[in-house]
Amino acid sequence: LPVIPEKEKEDMQFAKKYLENFYDFKEEKNYLFKSKNLNHMADKIREMQSFFGLKVTGELNHKTLDMMKQPRCGIPDVRS
Amino acid sequence: YSTFPQSPRWRKEDVTYRILNYTPDMLQADVEEAISKAFQLWSSVTPLTFTRVYSGQADIMISFASGFHGDFYSFDGPGGTLAHAYPPGSGIGGDTHFDEDENWTKFTTSSGYNLFLVAAHELGHSLGLGHSNVFGALMYPIYMARDTRDYRLPQDDIDGIQALYGPPRESPAVPTEMTPTEAPTEMSTQEEPTETTPSKPPTRPEDCDPHLTFDAITTLRGEILFFKGSYVWRKSPYFSSIEHDTISSFWPSLTAGFDAGYEVDKKDRVLFFKDNQYWAVSGYTIEPGFPKPIQNLGFPSSVRKIDAAVHDPNTKKTYFFVSNKYWSFKENTQSMERGYPRKIEVDFQGIGHAVDAALQKNGHFYFFHGSNQYEVDVKTKKLIRIMKSNSWLNC
């Protein structure tokens, strides 16, 4: 469902945390690698979209975010 | 199904468990029963036996905790992560933790999490199963409220656990999946079992099927949702294509077949009607205290269901259509307007029949009847034109 716009930054943070928790995403702390981070995150989004049978786009679209916000088990979805 | 790396499993068949503490949300006896039933799910399809111990170290230690609770996976308050468990092993291996900040219940309601369902899932981890990406499997990572009366393991979970431990000794693995014939007989907030079984749901009608009709239609945060059976067609102002969903993908605890729906957009609130009950939702969240009987809105007891509903944001009144009459409901005072019901045809000329579904958009009402829809000016109530019902679906 549509998301209220001013929440987008918050949603990106939420998505990063989700991918860290459940898809073994490790954010590169060194700021110089920002583009690498975004690519890495897109990979992880793709992995999550594939797991849930969503359209695999690598983009944090509203359907992907909706899925991330569902109550769930705390165990990761991928082997780690 | 999946297992943990190196597929750890218990190297014995008699596994012990201990319940270390309880949630204040439920009676202790109900907690114990929920957990015992969860273990039975797995013992019924494997050679494993589960014995409860009351002191000392058990293989599977079960506890409720909130926030940081001594391992490196702190809980996150209400919602989000509900529980977690560790794969078979010594020490914390096999242990199951429930987030105490959740509202635990023995029922299947929209305002709490069913402890039996979550425990059964976590015990799957305690026995060595990872997450499954099969929608409807117990080991699917997302919580889904389901009918827990004679709940049985879906086939994917049976295959997974038997890959680790084999079938039960006495008898060959018996398929224990729910069969569609066992759908609940009365309307409830519980999900129809058929949603969780691999049998094929009725096919979705084509968007441009000239005979396509709708049960209910409503706006929702700028989108338009069209309902028929369990299917939803979504028309978003941001995307040109029509998106197809099911009711249970938004509101798992509501069953299919709405009669009517309308949005009070200023309150970010949509009401759905089925038979003599109605629900209020805000996004995914079903407001607590629902369903409620439609008589609460002021209908006489003779009205057992409504056909359609539509809200006029200018007058803040909602029109409810029943057979050839309609009621006017004042949202501000939450009461029916005097002088109703009135005949639809008297006020809406050219609409001389029942209304299946109704929509308010861009200053117009759209009354759907069969495969036609009637565009009416909201202010003058004059009929403007007649179109095909599925003209909204890019047909």
Margin query: Looking at the structure I just gave you, is B:Tyr326 in contact with a helix residue (DSSP H, G or I) (Cβ under 6 Å, 6 or more places away or on another chain), buried (at least 19 other Cβ atoms within 10 Å of the Cβ) and within 27 Å of B:Ser391 (Cα to Cα)?
Written below: yes
Note to self: Within region B:337-357, does at least one residue satisfy the condition of being surrounded by 13 or more Cβ atoms within 10 Å (Cβ to Cβ), more than 29 Å from the chain's Cα centre (by Cα), in a loop (DSSP other than H, G, I, E, B) and among the β-branched types (Val, Ile, Thr)?
What the structure shows: yes
Notebook entry, point to check: Would you pick out the residues in region B:1-42 that are assigned to a loop (DSSP other than H, G, I, E, B) and touching a Lys or Arg at 6+ places or on another chain (Cβ under 7 Å)?
Noted result: B:Pro5, B:Met26
Next item on the list: Please work out which residue is nearest to B:Ser323 (Cα to Cα), limiting yourself to region B:361-395 and to residues that are part of a strand (DSSP E or B) and touching a Ser or Thr at 6+ places or on another chain (Cβ under 7 Å).
Entry: B:Phe368
Next item on the list: Output the residues belonging to region B:121-155 that are within 14 Å of another protein chain (Cβ to nearest Cβ) and in a helix (DSSP H, G or I).
Entry: B:His121, B:Glu122, B:Leu123, B:Gly124, B:His125, B:Ser126
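To keep it simple, each residue is scored yes or no on (1) over 24 Å from B:Ser2 (Cα atoms); (2) surrounded by fewer than 24 Cβ atoms within 10 Å (Cβ to Cβ); (3) at pLDDT 95 or above.
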position: B:Glu100; (1), (2), (3): yes, yes, yes
position: B:Thr108; (1), (2), (3): yes, yes, no
position: B:Ala119; (1), (2), (3): no, no, yes
position: B:Leu123; (1), (2), (3): no, no, yes
position: B:Gly128; (1), (2), (3): no, yes, yes
position: B:Asn133; (1), (2), (3): no, yes, no
position: B:Leu153; (1), (2), (3): no, yes, no
Notebook entry, point to check: Can you spot a residue in region B:232-247 that is under 28 Å from B:Tyr143 (Cβ atoms), in a loop (DSSP other than H, G, I, E, B) and away from chain A (no Cβ under 14 Å)?
Noted result: no
Notebook entry, point to check: Among the listed residues B:Tyr86, B:Tyr73, which satisfies the condition of being over 28 Å from B:Pro154 (Cα atoms), within 12 Å of another protein chain (Cβ to nearest Cβ) and of a type in the set (Ser, Thr, Tyr)?
Noted result: B:Tyr73
Check: Looking at region A:46-62, which of its residues are buried (at least 17 other Cβ atoms within 10 Å of the Cβ) and closer than 18 Å to A:Glu10 by Cβ?
Finding: A:Leu60
Check: Considering only residues of region B:281-314 that are among the aromatic types (Phe, Trp, Tyr) and closer than 21 Å to B:Asp265 by Cα, which is nearest to the chain's Cα centre (by Cα)?
Finding: B:Tyr284
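Take the conditions modelled with pLDDT of 95 or more and in a loop (DSSP other than H, G, I, E, B) and apply them to B:Ile306. Does it pass?
On the way: modelled with pLDDT of 95 or more: yes; in a loop (DSSP other than H, G, I, E, B): yes.
Yes: the conditions hold for B:Ile306.
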Next item on the list: Could you tell me which numbered condition B:Ala137 fails, if it satisfies all but one of (1) out of contact with any helix residue (DSSP H, G or I) (no Cβ under 6 Å at 6 or more places or on another chain); (2) buried (at least 19 other Cβ atoms within 10 Å of the Cβ); (3) at pLDDT below 95?
Entry: (1)
Margin query: If B:Met61 meets every condition in (1) among the aliphatic types (A, V, I, L, M); (2) over 22 Å from B:Glu13 (Cβ atoms); (3) at pLDDT 95 or above; (4) out of contact with any His (no Cβ under 8 Å at 6 or more places or on another chain) apart from one, which number is that one?
Written below: (2)
Next item on the list: Return the total of residues in region B:322-336 being among the hydroxyl-bearing types (Ser, Thr, Tyr), part of a loop (DSSP other than H, G, I, E, B) and within 17 Å of B:Phe273 (Cα to Cα).
Entry: 1
Note to self: Please go through region A:16-45 and give me each residue that is more than 14 Å from every other protein chain (Cβ to nearest Cβ), surrounded by fewer than 17 Cβ atoms within 10 Å (Cβ to Cβ) and at pLDDT 90 or above, ordered by number.
What the structure shows: A:Lys16, A:Ala42, A:Asp43
Margin query: Let me confirm something: among B:Tyr374, B:Tyr319, B:Tyr284, which residue is more than 30 Å from B:Pro252 (Cα to Cα) and either in contact (Cβ under 8 Å) with a residue 24 or more places away in the chain or touching a helix residue (DSSP H, G or I) at 6+ places or on another chain (Cβ under 9 Å) (or both)?
Written below: B:Tyr374
Next item on the list: Give B:Leu115, B:Leu27 a once-over and let me know the one that is of a type in the set (A, V, I, L, M, F, W, C) and either under 26 Å from B:Gly160 (Cα atoms) or within 14 Å of chain A (Cβ to nearest Cβ) (or both).
Entry: B:Leu115
Item checked: Members of region B:52-70 found to be closer than 28 Å to B:Tyr165 by Cα, surrounded by fewer than 16 Cβ atoms within 10 Å (Cβ to Cβ) and not aliphatic (A, V, I, L, M), listed by number -> B:Arg52, B:Tyr54, B:Ser55, B:Gly56, B:Gln57
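Can you confirm whether B:Pro167 is at pLDDT below 75, assigned to a loop (DSSP other than H, G, I, E, B) and over 28 Å from B:Asp71 (Cα atoms)? Walk me through how you get there before you give the answer.
Numbers: at pLDDT below 75: no; assigned to a loop (DSSP other than H, G, I, E, B): yes; over 28 Å from B:Asp71 (Cα atoms): yes.
So B:Pro167 fails the test.
The values are calculated or read from the model by the stated rules, or taken from the named source; none is laboratory data. These figures come from a predicted structure and were not determined experimentally. Positions of Cβ are generated from backbone atoms using ideal geometry, with glycine treated the same way; all protein chains shown enter the neighbour counts.
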